Structures are given as structure tokens and as C-alpha cells.
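**Q** Structure below; questions to follow.
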Amino acid sequence: MFSGVVLTDSTQQPIVDAEVVFPELTTMGRTDERGAFRVTDIPPGEQHVVVRHVGYGPLDTQITFTSNENVNRRILLSRAVKLDSVVVTEKAASDRWL
């Protein structure tokens, strides 16, 4: 089993509804209102896991699991850089595309 919490790296606040995905296993979980998650039935060995939520940079890593072990992690995600909107101030010449 893989369990833990997903928090913001700056304020340590829980990130609600973050995805905890094992892409090769087609298994996933989501965080609750406390940022907690639990994913069961993870086979032993090194597994690829991605933790993501819109507005945050994802965690993409490998974790080694052994039989009958509960791996518990505290995962911190950083806010993604938010870009300003683009403002177009020039009109295209209509004959340019002919």
C-alpha cells in the first residue's frame, strides 16, 4: 500500500483532489480534504508514480515496494508559474494571407 499526504511546499496546506497515479499499473488515488491518500494493491518492485494537481508542478519518481509493506510519504508540490494573459494590439493585414 502507498499512503501519505500531499501538501503545498510553501504553506504546508493540504492539496485537495490531487492525483496519485501509477501509470504502468493503471492504478490511481486522489487526496481528500486533508490532502491524505491511500492506494492499495501495489505489487513489489520499483514502481513509477506521478503526483499532480492543476496549478502545481508534478512529482514524477520511482518508489521501491516490498511485499506486505506500507510505504508512507509526505509529498510537497510547488506552485506552477502562472503566466500573464496575452494581449494582441495589432490587426493582421487581410491581404497578407492571399
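The values are calculated or read from the model by the stated rules, or taken from the named source; none is laboratory data. Here the structure is a predicted model, which means the values were calculated and not measured. Only protein heavy atoms, including side chains, enter the accessible area calculation; ligands, DNA and RNA are left aside. Shrake-Rupley method; radii C 1.70, N 1.55, O 1.52, S 1.80 Å.
**Q** Could you calculate the contour length gain from ILE63 to LEU25, that is, 0.36 nm times the residue separation minus the distance between their Cα atoms, to one decimal place in nm?
**A** Going from the current span to full extension adds 12.4 nm.
**Q** Out of all DSSP beta bridges with both ends in the chain, state the antiparallel percent to the nearest 5.
**A** 75
**Q** Same structure, new question: Residue separation times 0.36 nm, minus the C-alpha to C-alpha distance between VAL87 and SER10: what's the value?
**A** Value of the extension gain: 24.6 nm.
**Q** How much area per residue is accessible in the chain when the probe is 1.4 Å and only protein heavy atoms are counted (Å²)?
**A** 72
**Q** How many percent of the accessible area of the chain is carbon or sulfur, using a 1.4 Å probe?
**A** Here it works out to 51 percent.
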